Amino acid sequence: PSPEGIEISGPVTYVVDGDTLDVNGIRIRLALVDTPEIGESGYESAKNFVKDLCLGNNADVDIDDGQRAGDRYGREIGVVYCNGVNLNSELIEKQYARIYTDYCDVSEFAYDNWAGCSTTNPQFNTGPVPKPSDSDTQSDNSNCDSSYPDVCIPSGPPDLDCTDIP
């Protein structure tokens, strides 16, 4: 991430579960990531993955500009980097979490490759992400296929691995 994107930095002092942790005393909910809840299959392994990567180490947080108000529990929402590793992305890639699509329409990270908030990602089928508004720069639309004027569907075939196909 660029240095100007980082808004919170400090030690990870507590891991609540796979998608929530405390950085420098501030509770952070990972943007666009959903891990199993306590009592559900996969809960312990997701939580332990986050503990192993982050607990006791310094972390940087890029707060989600689209969810600045936080969530109903008072947590900040963002992308967490532990030891320079994008925790949100790693949880998805290692299959400890799924994409939390409910906020794809508001998250600033929806267009990031790891987030998968488009129909090119076979993990879900909630429909394409709307194109950015006209006030956004044209470069944001540079990868949108012009055959779909009302939504942004990336051009070209998606880069898939065998594990991406159900």
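In this simple spin-label model, placing a label point 7 Å from the Cα along the Cα-to-Cβ direction at both Arg27 and Thr13 gives a separation of 1.4 nm. In region 1-70, the convex hull through the Cα atoms has an average projected area of 4.9 nm², a quarter of its surface area. Taking 0.36 nm per residue of separation and subtracting the current Cα-Cα distance, fully stretching the chain between Lys94 and Asp71 would add 5.7 nm. In this structure, the amide hydrogen of Val85, modeled 1.01 Å from its nitrogen in the peptide plane, lies closer than 5 angstrom to no residue at least 5 positions away or on a different chain.
The phi torsions of region 28-41, fed into the Karplus equation with coefficients 6.51, -1.76 and 1.60 and a -60° offset, translate into couplings of 10, 9, 5, 5, 6, 10, 10, 10, x, 7, 3, x, 8, 4 Hz, rounded to whole numbers, with Gly and Pro shown as x.
Label positions at Asp112 and Asn83, each projected 7 Å from the Cα along the C-beta direction, are separated by 1.9 nm.
Values quoted throughout were computed directly from the atomic coordinates according to the rules given, and no laboratory measurement underlies them. Quick caveat, the model's predicted, so the values are computed rather than measured. Counting neighbours? That spans all protein chains shown, and the Cβs are built from the backbone with ideal geometry, glycine included.
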